[in-house]
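Notes to accompany the following structure.
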Amino acid sequence: MRGSVGVTTRGGAGRSVGTKTIERRAGKMLAHLGLERCELSVALVDDATIHELNREYRGYDKPTDVLAFAMRECDPQHAHASPTEPEALGDVVISIATAARQARLAKKTLLAELTMLLAHGVLHLVGYDHRTRAEERVMTGMTRELEAAAARRSPSVTSRAPAQGARTSATVARPPSARAQPRRGARQKHERP
């Protein structure tokens with residue numbers, strides 16, 4: 001059974017970038033990680049929506065660029081999906097407005113910024129974190145790898161096992177999706193400075 005990537009928009013977000021492009025890039029990232037049988041949901045939202053989610057699930061009363069809501073606890077060393085059943089990784093929620101501001105400041109395209117945020121969110125879903133400098137170095141390297149894999153034009157994708165030494169912490173809030181109910185008091189991954 002094959003997994004899937006679903007991309008939705010909310011609050012007028014997503015008009016400036018094609019959802020099919022994000023879907024293809026997410027699929028390439030999952031394939032690169034050997035997770036092509038997994039299911040992933042990506043939501044492109046406005047600042048008001050991500051602000052509400054950030055306040056409700058993380059206790060931060062402000063918008064952020066990306067939130068990752070895992071459906072399960074995960075160790076990056078064992079993040080491969082079952083050979084028979086697709087596994088729901090979780091949801092990555094990206095604020096288009098915040099991504100656009102960050103892209104302008106970094107002098108890069110919106111698609112490049114969205115790809116980086118998507119990679120960052122996917123890595124959190126499979127257990128990567130950046131609480132220490134060592135973790136941040138590993139996660140930054142993996143983010144760059146996923147960005148490169150997502151941008152490749154060829155349909156063939158080289159699968160890569162998760163990096164050795166990646167620290168995991170997978171206590172994350174479950175997403176506000178139809179597949180799962182949120183866990184109160186759980187910590188959600190990601191707060192970009």
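A compact table of results
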{"quantity": "Residues satisfying the stated conditions in segment 42-57, i.e. buried (at least 18 other Cβ atoms within 10 Å of the Cβ) and charged (D, E, K, R)", "calculated": "Asp46, Asp47"}
{"quantity": "Condition met for Arg131 (in a loop (DSSP other than H, G, I, E, B), within 17 Å of Ala68 (Cα to Cα) and over 12 Å from the mean Cα position of the chain (by Cα))", "calculated": "yes"}
{"quantity": "Filter result for Arg10 (within 21 Å of Ala97 (Cα to Cα), touching a residue at least 24 places away in the same chain (Cβ under 8 Å) and under 15 Å from the mean Cα position of the chain (by Cα))", "calculated": "no"}
{"quantity": "Test set (1) at pLDDT 95 or above; (2) crowded, with 24+ Cβ neighbours inside 10 Å; (3) in contact with a Ser or Thr (Cβ under 9 Å, 6 or more places away or on another chain) - Gly121 fails condition number", "calculated": "(3)"}
{"quantity": "Which numbered condition Glu147 misses (of (1) closer than 20 Å to Asp46 by Cα; (2) modelled with pLDDT of 95 or more)", "calculated": "(1)"}
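The values are calculated or read from the model by the stated rules, or taken from the named source; none is laboratory data. For clarity, every value in this text was computed on a predicted model and none was experimentally measured. Counting neighbours? That spans all protein chains shown, and the Cβs are built from the backbone with ideal geometry, glycine included.
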